Structure formats: structure tokens, C-alpha cells
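Following: one structure in C-alpha cells, then a few remarks.
The values are calculated or read from the model by the stated rules, or taken from the named source; none is laboratory data. The shown structure was predicted, so the numbers you read here are calculated from the model rather than taken from an experiment. When we count neighbours, we look across all protein chains shown, and the Cβ atoms used for this are built from the backbone with ideal geometry, even at glycine. Remember, those area values only see protein heavy atoms, side chains included, never the ligands or the DNA or RNA. Shrake-Rupley method; radii C 1.70, N 1.55, O 1.52, S 1.80 Å.
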Amino acid sequence: MLKCLFVSTEVAPYAKTGGLADVAGALPKELLAQGVDIRVAMPYYGMMQGKYFDDSAQSPINFDVFLGWKQHNVSIFYDDKIVPTYFYKNDHFYYRGGLYGYDDDYERFAFFCKAVLDSIQYIDFIPDIIHCNDWQTGPICVLLKDKYKWDKRYENIRSVFTIHNMKFQGVFGDYALNTLGLGGEYKSTDKIEFNGGISYLKAGLVYADFVTTVSPSYVEELKTYEYGCGFDGLLRDTVSSRMVGILNGIDTEKYNPADDPYIYEAYDVDHIWNKEKNKLEFQKEFGLKQNSRTMMIGIISRITDQKGFDLMKQTIEGKWFMDKLMDLNVQFVLLGTGDYEYENMFKHFNYVYGDRARVFLDFNEALAQKIYAACDVFLMPSAFEPCGLGQLIAMRYGTVPIVRKTGGLKDTVIHYNYQTKQGTGFEFEDYSGYWLYQKIKEAYDCYNYDHEDFKQIMKNDMSQSYGWNVSAKKYIRLYESVLAISNLWNQANLDVTNIWKECADEIYRVKVNLGKYINNDM
Ligand code: ADP
């Protein structure tokens, strides 16, 4: 049985700041269902303690982790109600108000990486694959390969590293090397040096046995100067042959309009008219004018430039974007937190448009689900988007997405075609407020004057499958291929020239076909 340790610094439902938590909550669940012996590893943050299982009833595994000359204790708790999960507790590092953004993040996550690796000696689980996610877990890949391999227990473990967002690179000063227990030679361009600093993300890219990202389009984009965030050369030259894109899914049990405890009225594709009740109740609860025929526009997002909020500062035909938008007979609902400048802008619009706009500067999952169910259209005009889950959740709730054609948005939303009646939303390509407005206007006209077409898009959205079934199979193929390739490498290293040649051919064949093989429709 394939054994995988899935390592992430956020996992739904325990701790979440964005899509990574959704993936780390749902993908392991599906892998478990498909027969993988999977365990999840995550930090035990202060805000989770005592909420999900009774930790006072457990005797955790305890040991010390060495970070340079410092020594910190870790206690590992375990719970398997959802997926078998190890929780790494150290209150000095994880008993804080949030998950990220602290001056000692380099130490907090170096600690987590080393604790995860060291714990393999104590938890009675030696994985075949350690699946790392984003920069916080990148150091695992370099440490495994260069520092732990001499130990038999680690010798055959392989690593897979998934990029959920290339923009977050975990770049720190040279002091991070000492913390990780790596020598000065690692500050080199072929190792983990990046722009004069040390990058945890690069540790994942360079040292993982295989690299994945969360949509096929994002793989290609990452190799370009525009999207590569400084890593495009590395990806084109050395990572490209061991990198694929596997599209994210969503947890269809959690996001299910037919059975969602947070929404006002359950509905499915055969009872789509019940969706309207969610809008009416939402309007009532939050003081918007009750009218089932007013198009409600929703956004649920981190409020940053990445998500296209700079487009909403622009002027169109002499008016501020938001003023122009609100000239239409629409209601506007936003839930999110982020950059101060945008938060202020939306506070202003919340004030100016009284009974037609509601802005919630908050992170609130229950409210998010209400908004997904209540709105008619969902905006995601991202500058770049590795996969994007917001649009998938919106479509699952029959809420029509208006997206910019980039990354995973391009792979998951199809522009509606009035002739063939196929398509799932509205897309625009040029990154400009003008085009965003044009697409909202197109959706608005469709909603108001082509009811049947709008209903058709909603039905198309709700009839698709968004689960993890297919993508989880691709991950399994990937894990198996990584193990097969590394076994071949092992044989090749051990044996004489002839065998090496045979293996080399085989390795080449597997490598060339791997991308195609993993992404083949199943
Ligand atoms: P990201 O780049 O932030 O990971 P995704 O679209 O991939 O973007 O995933 C965002 C996830 O976080 C979705 O599940 C979305 O519903 C959720 N989310 C974003 N902002 C909020 C918020 N303020 N409150 C509740 N959920 C949120």
C-alpha cells in the first residue's frame, strides 16, 4: 500500500487562510478513499487547541528539535476522525493570533520541517512519499535529500513539492541557513540562493523529486518572465522535465448547496429556483433591498492586487469603476480581508451605496457559504491565479463566474456560447477595468434580458463535477511514477554500464511520457 505523508501549514477545517487549506483538507480525504495510506502533518496552532479533539486525553510524543544552536521541544498529537493527522505543538511558535506574517517565520517553519522529518523516527510510519506544499515546507526537500538520506529509515523516501502560489517565496537572510543546519555552500544559485537571500520555495523546486502545481495553464505560465516571479529560468531549464499541473478540486461534501447547514434554503440543479430564496433571505438579514430580480454580485477573496482589485480603482468613461458599476441596477457584496488601501476603498463604497452594497472585512466561512448561495454572479478578475477555488465553489452553487482568462480560471471556466448553449461563465483577457466592466455588463444583460440563457449557464455550472476523484487518481499515478523512476535510478547507480544504459532509456521514456500519462483523461 502506497504510504504518503502530506505536509501543509494549513488544513481545513482546522486552520485556513486560503485555498491551500481547502486542498490539504480535501485531497488527502480522497486519497484515503482511493486506498492510499495517507497521514497529514500540520502545526498545532493556538486557535485550534481543544476545538477538534480532546488533547488532554492524549500522551503526545515529545522530543527536541535542533535549530542551529537552539533547541525547541515538540509535542505531537494525533487524530483520525477525518484523515489521520499529526499536530505538531510548540506554543512559542504557534500560539499566535494568525498563521503567517511574523518576523521569525523562517524559524517557525524551519522548526516545523525539521520536526516533521525527525518525527518519522517516532511515529511508526515511514512514508514512501512526503508531499510538501508551498514555501513553508520547501526545506523538507533539501534536508531529506542532503541531511537525512544517510539514515536507512529515510533512504527510500521521495518528495513531491506542490506550488500553490509562486508569489510567496519564503525569502530570508543568511541566518536561515544556520537555522536549517545548512552550510554556507547552500547560498549558491544552483542551490537555494535567491536574489541575495535564502528561499524556502527554491529548496522545494530544486530538491523535490517531482514538482507539481495546481493547474495545467499555470505550469506553462510559470515558465514565462511575466508570471515566473523570478523563477521562470529555473523552471524552464532544470525543473520543467519533472513538473506537471494537476487541477484542484473542491470538497463536494462541504460545499454542497443541497446539504449546507449555513445557507437559508437547500437546492440542487433540479430545484434551482430555490436558490432565489437564499438571495431574498440574505437581503433581509443584511439590510439590502429585497428584490429577487436585482442581480447580486459577490466577491469572496483576499483583498490584494493578485485578485484584480486594482482594476476596481480605475476610471471608465470618466467615472470610478465602482460608481460606474453601481449605475447598473445591481447589488454588491464583498467578503474579504487584505490590503488597507482596498479595505478603505470598499468601506467608502459600503457607506455611499447604503442599501445596495454590503462589505464584510472579515474571514468568515459560514458567511462565505451564504454569499456563494445568495449571489447571481461571482467576480474573480485575477491578475494571476494558480487554480482558484472561489470560482469552483461559486459554480457548484450555481453562481455564475466572471473571471479573467488566466491560470486555473482559464482551465475551469468556459465562456458561454449563446448558439451552442454551452459554457459556464464569462471571461475577459485584457487586464483592464474596462474589460472587467464590459463582462459584468454582458452578464447583466444576459441576467436581465435573456433569462433562459442565464438559467442555462447556472444549470451548466451545477451539472459539472468539481470533486477530487479524477485529480486524486493523477496524484496516485504521480506518486507511483516517482517511486518507479527513483527505483530505476537506484539500480542504475548500483550496477554496471549495460544496466545503466537500459535504465537510462527507461528513465527517459518514463520522463517524457510522465506529463502526458499523469494528465491523461481517466
Ligand atoms: P487563494 O489564492 O486565497 O488561495 P482560492 O480561490 O484558491 O484563493 O481559495 C480561497 C478560499 O478561501 C476559498 O475557499 C474562499 O471561499 C475562501 N475565502 C477567501 N476569503 C475568505 C473570507 N474572507 N472568509 C471566508 N472564506 C474566504
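To keep it simple, each residue is scored yes or no on (1) under 19 Å from P381 (Cα atoms); (2) open to solvent by 60 Å² or more (accessible area, probe 1.4 Å); (3) not assigned by TED's automatic domain parsing to the domain that holds I402.
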| site | (1), (2), (3) |
| --- | --- |
| D430 | yes, yes, no |
| Y434 | yes, yes, no |
| K439 | yes, no, no |
| Y444 | yes, no, no |
| D453 | no, no, no |
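For every residue, the table says whether it meets (1) of a type in the set (S, T, N, Q); (2) under 17 Å from I299 (Cα atoms); (3) in contact (Cβ under 8 Å) with a residue 24 or more places away in the chain.
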| site | (1), (2), (3) |
| --- | --- |
| R396 | no, yes, yes |
| T406 | yes, no, yes |
| Y416 | no, no, yes |
| T420 | yes, no, no |
task: Quick one: which residue in D134, D124, D151, D128 is closer than 28 Å to K474 by Cα, among the charged types (D, E, K, R) and open to solvent by less than 30 Å² (accessible area, probe 1.4 Å)?
output: D134
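Kindly evaluate I263 against the criterion of being within 15 Å of the ligand (Cβ to nearest atom), open to solvent by less than 50 Å² (accessible area, probe 1.4 Å) and over 25 Å from K410 (Cα atoms). Steps first, please.
Numbers: within 15 Å of the ligand (Cβ to nearest atom): yes; open to solvent by less than 50 Å² (accessible area, probe 1.4 Å): yes; over 25 Å from K410 (Cα atoms): yes.
Against the criterion (within 15 Å of the ligand (Cβ to nearest atom), open to solvent by less than 50 Å² (accessible area, probe 1.4 Å) and over 25 Å from K410 (Cα atoms)), I263 qualifies.
Considering only region 22-41, how many residues are within 20 Å of I76 (Cβ to Cβ) and either open to solvent by 10 Å² or more (accessible area, probe 1.4 Å) or within 16 Å of the ligand (Cβ to nearest atom) (or both)? Let's see the steps before the verdict.
Just the residues of region 22-41 that are within 20 Å of I76 (Cβ to Cβ), to begin with: 24-25, 28, 32, 37-41.
Filter again for either open to solvent by 10 Å² or more (accessible area, probe 1.4 Å) or within 16 Å of the ligand (Cβ to nearest atom) (or both), leaving 24-25, 32, 37, 39.
Adding up the residues that qualify gives 5.
Looking at the structure I just gave you, is R153 in contact (Cβ under 8 Å) with a residue 24 or more places away in the chain, in contact with a helix residue (DSSP H, G or I) (Cβ under 7 Å, 6 or more places away or on another chain), basic (K, R) and under 23 Å from V482 (Cα atoms)? Write out each step before concluding.
Working: in contact (Cβ under 8 Å) with a residue 24 or more places away in the chain: yes; in contact with a helix residue (DSSP H, G or I) (Cβ under 7 Å, 6 or more places away or on another chain): no; basic (K, R): yes; under 23 Å from V482 (Cα atoms): yes.
No.
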- prompt: Based on what the data block shows, is M42 free of Cβ contacts under 8 Å to residues at least 40 places away in the same chain and not in a helix (DSSP H, G or I)?
  reply: no
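Hey, among F282, F309, which residue is buried (at least 22 other Cβ atoms within 10 Å of the Cβ) and within 30 Å of K167 (Cβ to Cβ)?
Working: F282 fails: within 30 Å of K167 (Cβ to Cβ).
The match here is F309.
For every residue, the table says whether it meets (1) in contact with a strand residue (DSSP E or B) (Cβ under 9 Å, 6 or more places away or on another chain); (2) within 16 Å of the ligand (Cβ to nearest atom).
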residue: D305; (1), (2): no, yes
residue: K319; (1), (2): no, no
residue: M326; (1), (2): yes, no
residue: R356; (1), (2): yes, no
- line: Expected single match for touching a residue at least 60 places away in the same chain (Cβ under 8 Å) and either assigned to a strand (DSSP E or B) or in the same structural domain as I38 (by TED's automatic domain parsing) (or both) among Y88, Y106 is Y106
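Output the helices (runs of 4 or more DSSP H) that fall wholly within region 237-353 and possess 1 or more residues being hydroxyl-bearing (S, T, Y), in the same structural domain as A33 (by TED's automatic domain parsing) and without any contact (Cβ under 8 Å) to a residue 40 or more places away in the chain, or say none. Before the answer, list the steps.
Details: elements: 275-285, 321-327, 340-352.
Filter on region 237-353 gives an empty set.
Filter region 396-421 for residues that are of a type in the set (A, V, I, L, M) and either within 12 Å of the ligand (Cβ to nearest atom) or part of a loop (DSSP other than H, G, I, E, B) (or both); which is farthest from W468 (Cα to Cα)?
Of region 396-421, the ones of a type in the set (A, V, I, L, M) are 400, 402-403, 409, 413-414.
Now narrow it down to the ones that are either within 12 Å of the ligand (Cβ to nearest atom) or part of a loop (DSSP other than H, G, I, E, B) (or both): 403, 409, 413-414.
On the way: V403: 22, L409: 17, V413: 17, I414: 20 Å.
Filtering first and then ranking leaves V403.
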- line: If we keep only residues of region 368-388 that are open to solvent by less than 20 Å² (accessible area, probe 1.4 Å) and assigned to a helix (DSSP H, G or I), then the residue farthest from the ligand (Cβ to nearest atom) is A374
task: Scan the helices (runs of 4 or more DSSP H) fully inside region 122-235 and keep the ones with 1 or more residues being assigned by TED's automatic domain parsing to the domain that holds G408, within 25 Å of the chain's Cα centre (by Cα) and within 30 Å of Y431 (Cα to Cα).
output: none
